Amino acid sequence: MADGAQVCKAWGRQEILSLFDPDTGLLDRRVHSDEALYQLELERIFARGWNFMCHDSQIPEPGDYFINYIGEDQVIVVRDQEGQVNVLVNSCRHRGNALCRAEQGRAKSFVCSYHGWNYGLDGTLIGVPGQSTYYHGALDKSRLGLHKAAKVESHLGFWFATMDPQAPSLHDYLGHVGRTGLGMICAHGDVEVVDGIQKNVIDCNWKIAVDNLFDWYHVMYSHASAGSSGYIDLAGILHPKEQLVMLDNYGHAISGPGVPAAAQAGIDQMSDEARAALSRETEGLQLRPRAATELMGPVGVRSHGHPNLFPNLWITISGLQVCLRLPRGPSKTELWWFTIVPKGAPPPLRAAMVRTATHLFGPAGLLEQDDGENWSQTTRAARGVTGRTLGQFLEMGLGQDEARRSEAGEHYIDTQINEHGQRWFYRGWRDWMAAESWAELTASLPPLPEGRL
Ligand code: FES
Ligand SMILES: [Fe+2]
């Protein structure tokens, strides 16, 4: 059945809440196929939430811009002459034409290719052909500036924007988990994004591409070919019994390998030199320096898993890449891969890191070719009249684990391979979708878990 051909219906609050049951892990598969739910996601999740835009290193100078999306709204992220970062909807206020067509660049202003209206870097309408003749000098330019995001803020050089003026500050929105995730990228020092974002489209629902990043159950099986080819050492990265999950408000989560608390206590005693020496000797994960604990928190620093900043920013293990899962309809997702390297890295190191990133994920990545097949077939099956009634069963680890709260306020679970992250993500999704405003969303947030879950 083609997209949009399904019966669209208005989804009421109770119906939305019934789409996922956190007590059993039962997920209604219409969340991966329904057109009306998709439209609601664009309003209630993407336009309302904080969306990752770009990194400081991509727009260092006045006039530098980068094109990104808030849901399906294309936006220009641009640094103006005062150094301020603006997020402008890339749609001319005359007839709506897209102003900026390049993906990235430097501009003095933005001129529309249709009738020539010209906008400043802060979105102000500064020039209109025929203003005094055809418009008789009567056009009020001051009301026709480009539409701006309601809030634009950054953390550790990573810029985010929201269309909703009621949104909390970015700092509060990110919480421990979001700040740990961004801290993971910067744990070894300042970073920069490599020019050239790798982009590809997979025929899958965006949420399947998100929930998979918490899924360490599929790795040994789905990626067996990558393992047997010798390209990656699955046994070296899996640590199925040493998993650390962190959960936070608004649906943010981290899941994946974690350093056991006792081992971290030993690492905490080591100097930075000793950590670096041990990392070289073992050729394993690089031990993070002392300063990383400040950025990531005492539990966060133990994580070598995958953070997802709700809704759709995945930070890959060790922070070498981040990926946006951009929605393009209920059955299509555009993936944008950003490669991140240490600031000023020597060319050989930079080249080696880019090569690793390119071969792991993204359109040429060995791992995502395996994953994409599973995601698109799972999405296709959710469109069937029968298939969409069958449910997904996300119950691994349910009732088996203990959630704890650190003195720093982090909520975490030391466990084995599990589906806590997926459940937390769909629980968050359900709350976002059922709430009509930020006030309602904030009031409906479940308490962060402590004890058996
Ligand atoms: S649509 Fe842009 S100037 Fe007319
Ligand atoms: Fe995978």
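Which of (1) surrounded by fewer than 21 Cβ atoms within 10 Å (Cβ to Cβ); (2) in the same structural domain as Ser109 (by TED's automatic domain parsing); (3) polar (S, T, N, Q) does Asn68 not meet, given it meets every other one?
Against the list (1) surrounded by fewer than 21 Cβ atoms within 10 Å (Cβ to Cβ); (2) in the same structural domain as Ser109 (by TED's automatic domain parsing); (3) polar (S, T, N, Q), Asn68 comes up short only on (1).
May I ask you to verify whether Ala102 is more than 29 Å from Thr442 (Cβ to Cβ) and modelled with pLDDT of 95 or more? Give the derivation first.
Details: more than 29 Å from Thr442 (Cβ to Cβ): yes; modelled with pLDDT of 95 or more: yes.
So Ala102 fits the description; yes.
Identify, from the list Ala357, Ala351, Ala345, Ala381, the residue that is at negative phi and either within 16 Å of ligand 1 (Cβ to nearest atom) or within 22 Å of the chain's Cα centre (by Cα) (or both).
Working: Ala351 fails: either within 16 Å of ligand 1 (Cβ to nearest atom) or within 22 Å of the chain's Cα centre (by Cα) (or both); Ala345 fails: either within 16 Å of ligand 1 (Cβ to nearest atom) or within 22 Å of the chain's Cα centre (by Cα) (or both); Ala381 fails: either within 16 Å of ligand 1 (Cβ to nearest atom) or within 22 Å of the chain's Cα centre (by Cα) (or both).
The match here is Ala357.
Of everything in the range 306-351, what is among the aliphatic types (A, V, I, L, M) and either closer than 27 Å to Asn205 by Cβ or not assigned by TED's automatic domain parsing to the domain that holds Arg383 (or both)? Give them in sequence order.
Kept after step one, since they are among the aliphatic types (A, V, I, L, M), are these residues of the range 306-351: 309, 313, 315, 317, 320, 322, 324, 326, 335, 340-341, 345, 349, 351.
Leu309, Leu313, Ile315, Ile317, Leu320, Val322, Leu324, Leu326, Leu335, Ile340 - these are the residues of the range 306-351 that are among the aliphatic types (A, V, I, L, M) and either closer than 27 Å to Asn205 by Cβ or not assigned by TED's automatic domain parsing to the domain that holds Arg383 (or both).
Which of the numbered conditions does Ala357 fail, given that it passes all the others? Conditions: (1) at pLDDT 95 or above; (2) more than 14 Å from ligand 2 (Cβ to nearest atom).
The number of the failed condition is (1).
Failed condition for Asn90, given (1) surrounded by 14 or more Cβ atoms within 10 Å (Cβ to Cβ); (2) touching a residue at least 60 places away in the same chain (Cβ under 8 Å), with all others met?
For Asn90, the exception is condition (2).
Pairs only if they're at least six apart or on different chains, beta carbon under 6 angstrom, first in the range 432-453 and assigned by TED's automatic domain parsing to the domain that holds Gln400, second part of a loop (DSSP other than H, G, I, E, B) and among the polar types (S, T, N, Q); list them, first residue then second.
These pairs meet every condition: Trp438/Gln166.
Would you pick out the residues in the range 186-207 that are surrounded by 24 or more Cβ atoms within 10 Å (Cβ to Cβ) and part of a helix (DSSP H, G or I)?
Trp206, Lys207
Might you let me know whether the range 367-385 holds any residue that is under 24 Å from Ile237 (Cα atoms), in a loop (DSSP other than H, G, I, E, B) and away from ligand 2 (no atom under 16 Å from the Cβ)? Before you say what the answer is, go through the steps one by one.
Taking the range 367-385 and keeping what is under 24 Å from Ile237 (Cα atoms), we get 367-375.
Keeping just the survivors that are in a loop (DSSP other than H, G, I, E, B) gives none.
For the range 367-385, residues under 24 Å from Ile237 (Cα atoms), in a loop (DSSP other than H, G, I, E, B) and away from ligand 2 (no atom under 16 Å from the Cβ): absent.
So, restricting to strands (runs of 3 or more DSSP E) that lie completely within the range 55-128, which ones have at least 2 residues that are within 16 Å of ligand 1 (Cβ to nearest atom)?
On the way: elements: 64-70, 73-79, 85-89, 104-106, 125-127.
Of the strands (runs of 3 or more DSSP E) lying wholly inside the range 55-128, those with at least 2 residues that are within 16 Å of ligand 1 (Cβ to nearest atom) span 73-79, 85-89, 125-127.
Looking at (1) within 12 Å of ligand 2 (Cβ to nearest atom); (2) assigned to a helix (DSSP H, G or I); (3) in contact (Cβ under 8 Å) with a residue 12 or more places away in the chain; (4) under 28 Å from Ser33 (Cβ atoms), find the lone condition where Tyr221 falls short.
In the conditions (1) within 12 Å of ligand 2 (Cβ to nearest atom); (2) assigned to a helix (DSSP H, G or I); (3) in contact (Cβ under 8 Å) with a residue 12 or more places away in the chain; (4) under 28 Å from Ser33 (Cβ atoms), Tyr221 misses (3) alone.
So which of Ser318, Ser303 ends up being crowded, with 22+ Cβ neighbours inside 10 Å and either in contact (Cβ under 8 Å) with a residue 12 or more places away in the chain or of a type in the set (Lys, Arg) (or both)? Outline the logic, then answer.
On the way: Ser318 fails: crowded, with 22+ Cβ neighbours inside 10 Å.
Answer to the check: Ser303.
Which residue pairs have Cβ atoms under 8 Å apart, sit 6 or more places apart or on different chains, and have a first residue in the range 100-115 that is basic (Lys, Arg) and a second that is more than 12 Å from ligand 1 (Cβ to nearest atom)?
Arg106/Glu61; Arg106/Gly63; Arg106/Asp64; Arg106/Tyr65; Lys108/Gly63; Lys108/Leu121
Tell me which of these Ala364 doesn't satisfy, since it passes every other one: (1) within 16 Å of ligand 2 (Cβ to nearest atom); (2) modelled with pLDDT under 95; (3) surrounded by 15 or more Cβ atoms within 10 Å (Cβ to Cβ).
Exception for Ala364: condition (3).
What do you reckon, is Gln416 among the polar types (S, T, N, Q) and either crowded, with 19+ Cβ neighbours inside 10 Å or farther than 17 Å from Gly305 by Cβ (or both)?
Numbers: among the polar types (S, T, N, Q): yes; either crowded, with 19+ Cβ neighbours inside 10 Å or farther than 17 Å from Gly305 by Cβ (or both): no.
In short, no.
The values are calculated or read from the model by the stated rules, or taken from the named source; none is laboratory data. The structure presented is a predicted model; accordingly, all values stated were derived computationally and were not measured. Glycine gets a Cβ as well: all are built from the backbone with ideal geometry, and neighbour counts include every protein chain shown.
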